[in-house]
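The next block holds one structure in the form of structure tokens; read it before the comments.
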Amino acid sequence: MKKSYMGFAADSETRAALEEFARDLYLPEEDVVDGDTDTAVSVLSDMSTPECIFVDLGLSMSPLAELDKLAGVCDPGTQVIAMGTVNDISVFRDMLDAGVADYLLKPVTPDRLKQAYEKAITPVHHGGEGAAKALADVIVVVGTRGGVGASMVATNIAWLLAHEKKKKVGLVDLDPYFGNIAALLNLEPGRGLSEALDAPDRIDNVFVDRTMIKEHDNLLILGAEEAMQNDVPMDAGSIEVLVEKLRENFQIVLIEAPHGNMTAIKAAMRMATHIIFVTNYSVVGMRDIIRLNGLADQLAAGTKQLVIANQGTIGKSDVNAKDFASVTGLTVDAEVPSDVRGVGAALNAGAALAVGAPKTPVLKALRKVSDSLYGAPGRGAAKDKGKKGKGKSEEKSGGFFSSLLGSKAS
């Protein structure tokens, strides 16, 4: 009888998650095997392959090459869920172009394994319907300190991406008590964030339409303004499931992680495809961005990082861009100039800068950031690479294994 799944785990933590996933779905735990792609190739070469395979690419230097080897020993139509440590949207898209059902960032959880498995076997059980689609980019904005303007930056970049780049954006304010993103756009935050964190698995199209605040057809906001005495569950698991669910409903999920809440910052970084640090030219700003950059390198290796220096949040400083780069080792991607009058007018009107202060040089600086994310030559090159890979897979019909080699079937 054909197995419904097999899991290959390169470390004990991944093995434990796969075994718990199997128990939850009443699947045999003995079908979890210690090993990486080479082990999977060896085990599967002499058997009818399962409907779904979890493969651990955590130790792989060339994930696509490893998947190519695996394709040679598997039956057409077998669904592969890859697990790895490279948190890069281009890698994710390359894998989808190759025909992989899903790519999960390690460390994985039983719930995420279950969601990926159920999604992967849908086309197997329903005649090929429900093929996997690319998930949204996740842009995380982190202020190095309170008061550096992270909310202003996050709000206006989201507005530019939605209105000018025509992207469908979900803007998430992860501070349930002091978040002010909704207020910056003259909107009431509601309790959507609290509801989402309380039951993130329930997020779907209906939840998005009912709970998220609509600023524009392309810009919806998730926030809250909870009473201080109310407890809001801010555990990492809830945040990660929330972000993963929102990725299915938007092209971009842009998150402001609240300063000082390390649980929220770490969870958001783990899900990020881009991280934007907002800082200023100060000694403490340099100190804290060094620490946050180190954390991002640890939690989200390979993720694109941008640095914005907001000069409008402090008075005259002896630190300049050259000093900043020398001390931190980081290049400032955009400088936001000081414009107290223009930014103040927009803030008082509860409007995006493009509406409330269209001539402010601050808007020009943030447009530069928007262009660097969606419109710069480097991003176009990445898209071309993805299209090339997709064309290759479309030359052959079927799923992952028939699209790459399918040699076993022949």
- Query: Can you give the calculated 222 nm mean residue ellipticity of the chain, where each DSSP H run of n ≥ 4 adds -39,500 (n - 2.57) and the sum is split over every residue, rounded to the nearest 500 deg cm²/dmol?
  - Reply: -13500 deg cm²/dmol
- Note on the structure: A chain fully extended from E29 to S326 at 0.36 nm per residue, minus the present Cα-Cα distance, gains in nm 101.6 nm
- Against the longest alpha carbon principal axis of the chain, how many degrees, from 0 to 90 and to the nearest 10, is the axis of helix 110-125 turned? 60
- Note the angle between two axes, namely the Cα long axis of helix 340-349 and the longest principal axis of the Cα atoms of the chain, as a number of degrees from 0 to 90, rounded to the nearest 10. 70
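For S317 and R210, compute 0.36 nm times the residue count separating them, minus their Cα-Cα distance, and round to one decimal in nm.
Numbers: separation 107, 0.36 × 107 = 38.52 nm, distance 4.61 nm.
Net length gain for the segment: 33.9 nm.
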- Task: Mind pulling the angle between the C-alpha long axis of helix 12-24 and the longest principal axis of the chain? Nearest 10 degrees, somewhere in 0 to 90.
- Result: 70
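Could you compute the net charge surrounding R270? Neighbours are other residues with a C-beta less than 12 Å from the C-beta of R270; K and R count +1, D and E count -1.
Values: positive: K106, R112, K266; negative: E240, E244.
Summing Lys/Arg as +1 and Asp/Glu as -1 gives +1.
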- Query: Peptides 223-233, 91-101: what's the order by average Cβ count within 10 Å, highest mean first?
  - Reply: 91-101, 223-233
- Query: By per-residue mean of other Cβ atoms within 10 Å, what is the highest-first order of 296-307, 200-211?
  - Reply: 296-307, 200-211
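Coordinate-derived values only; no laboratory data. Remember, predicted model here, so these are calculated numbers, not experimental data. Heads up, the Cβs are rebuilt from the backbone with ideal geometry, glycines too, and the neighbour counts pull from every protein chain shown.
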